[in-house]
Amino acid sequence: MDKNSVTGFILIAVILFGFTFYQSKQARKTAALQAQQDSIALAQRIAAGDTVISVVPVSPDSANPDATVIPGAAVIPNEAKESIYKDAALEAAHAAEASVVTLENDKVVLNFSSRGAQPSSVMVKDFFNYDSTALYIFKEGASEYNVSVYTGEFISTKDFNFNIAEKTDTSVVFRLPFSDGGYIEQRYVLHAGSYLLDSDLSFVGMTSIPRNVSSIDIDYSMVIPRMEKGYKNEAQYSKLDIYQTGDKKPVEIGRSRNGSKRFDSKVSWFAFQQQFFAAIFRAKDEYASGSFDVTFFPQEDESRNLMACNAKMRADFRPGQDFTIPFEIYLGPSHFKTLKSLNQKYEKIIPLGGSLVGWFTKYVIIPMFDFFSKFISNYGLIILLMTLVIKLVVLPFTYKSYASSAKMAALKPEVEKINARYPKQEDAMKKQQATMALYNKAGASPMGGCLPMLLTFPILWAMFRFFPASIELRQQSFLWAHDLSTYDSIIDFGTRVPLIGDHLSLFALLMAVTMWVYSKMTMSNQATANDPNAQSMQFMSVWMMPIMMFFICNSLSAALSYYYLLSQLISMVEIWVIRKWVVKPEAVLAKVKAAEGKPVKKSKFMQRLEEAQKMQEQQMRQQQKNRR
């Protein structure tokens, strides 16, 4: 080791020793200052007449059966412990042991803890997680319901054990007594054959509550576990919804992203919503205000938790009299008809699209789906029938588009001749004018199919919104897909592959292939020579879109990929039939030749094109004059 290295090590050692010495000195000063402050505080308490309990450190083996041992700190005699609460009844409730009460019907099993008089777990019957285990909206220890109120001292109901005042097969009543004879009561009633739970929070004979108390705080916290196979798809459709009376739809936060929202005005209800199941909390007289937040767990979470939801609500309160705040809680599946039947706008948590798309989904797609479901149990066949019906309905609109495409395909040789006639860039306007004249003679229009396609787009988007949100498809198998509501997997990589994920979906792959073939059919017959824009458009349609759609759909609902696969296959058959038997190339060319030499009625687009060409020619002549 050279001299410089030795010197460096010595300097480092000196610096470390000096820093350690300085830190130790500062710690002694801080401890001394804290002791001085504690002594001052103690003197102030004694001067104020407070009773002060002395805490003396003892060894761990000290035998004192009448003592509470705080390891490594102190022994406090039990009889000398200072009460946490002024009210003796509250002190007793705080120390009491909790018990569990169960309410059950044919839909759900609800466990309640007497500690806080709150639901502690909810198991939904007739549904299971993807791995066939029991389905819980929330499990034991994963939720908290707490009421904070000032009763002469601030209390939180989660800190107290409530007495079980009444218990039947469908209801339970918890009470938290006070020394003045008043009590806080929490009553739960589970409706038969329903996912609804009525919850009444009552304050009876509470003379200790000051008259200036006008509100109470109610906090709801819940950790919702994962229930589905695909994390990405499940998180994308899981969220927290907040609804205010009169709104068209709830405000959403979540959808795989952490978020928060505050409302300083009245809130009717809010929902902690997993992709297919929800916990909805409604104040029948509305909440005064509230703040909300949602946090998503990572996919690698060992406990397989999906998201943590929190709602901090405020409710109006009238002291000086017995007062009850009624609530309604829905704990069950996000099934459209079930939620709609409750007449509280709960069905709006299901993402069916905007005004137009949502209307079409509610009044066309869902009724048609329900109709076929009455006669057919195989949901793959139901999707096939729905696709055929939709394609037949929109055929009059799509026919014009396909016919125009077939005519343009027949005119491709003539278009290539025009391109050869005007190879220069400065003749682009003449080339376009000649091409449009050709299309005009044949009765074809490049824009002829745009309006029909725009009319069919809302239908396509409605189906894209419907399938991932439809609980009917959950865990329904078809062909190689075990669950149409999530991705189908023919290859599991065992590790995450960039862009693709940890699996390969066959329906997504087949959809991308048919999309490529469909694009080749519709785009390859269009002339693109010497037209960079047309070439770019063809590349996007034939290659980029199928590849992008594969990556997008690989982790989405198999039903979605299957529907789009069927839709494109049917479209390809329609195009083939139109080109084969309806629009014949020789007839189109004959029509063009017959129109030669005859005046052709010019469209407005053609007229504007000619005007633009004249202006361009004038500008070119003016530029040539200026150069001279």
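From VAL75, VAL124, VAL149, grab the single residue that is of a type in the set (Val, Ile, Thr), part of a strand (DSSP E or B) and modelled with pLDDT of 95 or more.
Testing whether each residue is of a type in the set (Val, Ile, Thr), part of a strand (DSSP E or B) and modelled with pLDDT of 95 or more leaves just VAL124.
So VAL251 fits all but one of (1) without any contact (Cβ under 8 Å) to a residue 40 or more places away in the chain; (2) crowded, with 20+ Cβ neighbours inside 10 Å; what number is the exception?
(2)
Return the residue satisfying two criteria in turn: it lies in region 166-185 and is in contact with a helix residue (DSSP H, G or I) (Cβ under 8 Å, 6 or more places away or on another chain) and not β-branched (Val, Ile, Thr), and of such residues it is nearest to VAL122 (Cα to Cα).
It comes out as LEU176.
Any chance region 365-377 includes a residue that's of a type in the set (Ser, Thr, Tyr), in contact with a helix residue (DSSP H, G or I) (Cβ under 7 Å, 6 or more places away or on another chain), assigned to a strand (DSSP E or B) and more than 30 Å from ILE209 (Cβ to Cβ)?
Looking for residues that are of a type in the set (Ser, Thr, Tyr), in contact with a helix residue (DSSP H, G or I) (Cβ under 7 Å, 6 or more places away or on another chain), assigned to a strand (DSSP E or B) and more than 30 Å from ILE209 (Cβ to Cβ), one finds none in region 365-377, hence no.
Given the criterion within 30 Å of LYS362 (Cβ to Cβ), surrounded by fewer than 15 Cβ atoms within 10 Å (Cβ to Cβ), hydrophobic (A, V, I, L, M, F, W, C) and modelled with pLDDT of 70 or more, identify the matching residue among PHE457, PHE467.
Going through PHE457, PHE467 in turn, just one is within 30 Å of LYS362 (Cβ to Cβ), surrounded by fewer than 15 Cβ atoms within 10 Å (Cβ to Cβ), hydrophobic (A, V, I, L, M, F, W, C) and modelled with pLDDT of 70 or more: PHE457.
So, ALA235, is that one part of a strand (DSSP E or B) and small (Gly, Ala, Ser) or not?
For ALA235, the condition - part of a strand (DSSP E or B) and small (Gly, Ala, Ser) - is not met.
For the structure I just gave you, tell me whether LYS261 is part of a strand (DSSP E or B) and either assigned by TED's automatic domain parsing to the domain that holds PHE127 or farther than 30 Å from SER477 by Cβ (or both).
When the stated conditions are applied, LYS261 passes them.
Among the listed residues LEU331, LEU342, which satisfies the condition of being within 23 Å of GLN275 (Cβ to Cβ), assigned by TED's automatic domain parsing to the domain that holds ASN258, out of contact with any Gly (no Cβ under 9 Å at 6 or more places or on another chain) and surrounded by fewer than 20 Cβ atoms within 10 Å (Cβ to Cβ)?
Exactly one of LEU331, LEU342 is within 23 Å of GLN275 (Cβ to Cβ), assigned by TED's automatic domain parsing to the domain that holds ASN258, out of contact with any Gly (no Cβ under 9 Å at 6 or more places or on another chain) and surrounded by fewer than 20 Cβ atoms within 10 Å (Cβ to Cβ), namely LEU342.
Residue by residue, here is whether (1) hydroxyl-bearing (Ser, Thr, Tyr); (2) assigned by TED's automatic domain parsing to the domain that holds GLN236; (3) over 19 Å from SER214 (Cβ atoms) holds:
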{"residue": "GLY254", "(1), (2), (3)": "no, yes, yes"}
{"residue": "SER268", "(1), (2), (3)": "yes, yes, yes"}
{"residue": "ARG282", "(1), (2), (3)": "no, yes, yes"}
{"residue": "SER291", "(1), (2), (3)": "yes, yes, no"}
{"residue": "MET307", "(1), (2), (3)": "no, yes, yes"}
{"residue": "ALA311", "(1), (2), (3)": "no, yes, yes"}
{"residue": "ARG314", "(1), (2), (3)": "no, yes, no"}
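Taking SER238 as the residue in question, decide whether it is farther than 30 Å from PHE466 by Cβ, small (Gly, Ala, Ser) and in contact (Cβ under 8 Å) with a residue 60 or more places away in the chain.
It is false that SER238 is farther than 30 Å from PHE466 by Cβ, small (Gly, Ala, Ser) and in contact (Cβ under 8 Å) with a residue 60 or more places away in the chain.
Can you pull out the helices (runs of 4 or more DSSP H) entirely within region 493-583 that have at least 3 residues that are among the β-branched types (Val, Ile, Thr) and modelled with pLDDT of 80 or more?
Where helices (runs of 4 or more DSSP H) fall fully within region 493-583 and carry at least 3 residues being among the β-branched types (Val, Ile, Thr) and modelled with pLDDT of 80 or more, they are 506-523, 558-577.
Residue-wise test of (1) surrounded by fewer than 19 Cβ atoms within 10 Å (Cβ to Cβ); (2) under 22 Å from ILE329 (Cα atoms); (3) β-branched (Val, Ile, Thr).
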| residue | (1), (2), (3) |
| --- | --- |
| LEU190 | no, yes, no |
| SER194 | yes, yes, no |
| THR207 | yes, no, yes |
| TYR243 | no, yes, no |
| ALA271 | no, yes, no |
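Here are TYR136, TYR130: which of them is in a loop (DSSP other than H, G, I, E, B), surrounded by 14 or more Cβ atoms within 10 Å (Cβ to Cβ) and touching a residue at least 12 places away in the same chain (Cβ under 8 Å)?
Unique residue meeting the criteria: TYR130.
Could you tell me which residue of region 282-323 is farthest from ALA142 (Cα to Cα), considering only residues that are touching a Gly at 6+ places or on another chain (Cβ under 8 Å) and free of Cβ contacts under 8 Å to residues at least 60 places away in the same chain?
Only one residue tops the list, namely ASP293.
Here is a yes/no grid of residues against (1) touching a helix residue (DSSP H, G or I) at 6+ places or on another chain (Cβ under 8 Å); (2) closer than 28 Å to PHE464 by Cα:
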position: GLY254; (1), (2): no, yes
position: ALA278; (1), (2): yes, yes
position: PHE281; (1), (2): no, no
position: SER291; (1), (2): no, no
position: ARG304; (1), (2): no, yes
position: ALA311; (1), (2): no, no
position: PHE317; (1), (2): no, no
position: GLY332; (1), (2): yes, yes
position: GLU347; (1), (2): yes, yes
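The values are calculated or read from the model by the stated rules, or taken from the named source; none is laboratory data. None of these values were measured; they are calculated from a predicted model. With ideal geometry, Cβ positions are generated from the backbone for all residues, glycine too; neighbour counts draw on all protein chains shown.
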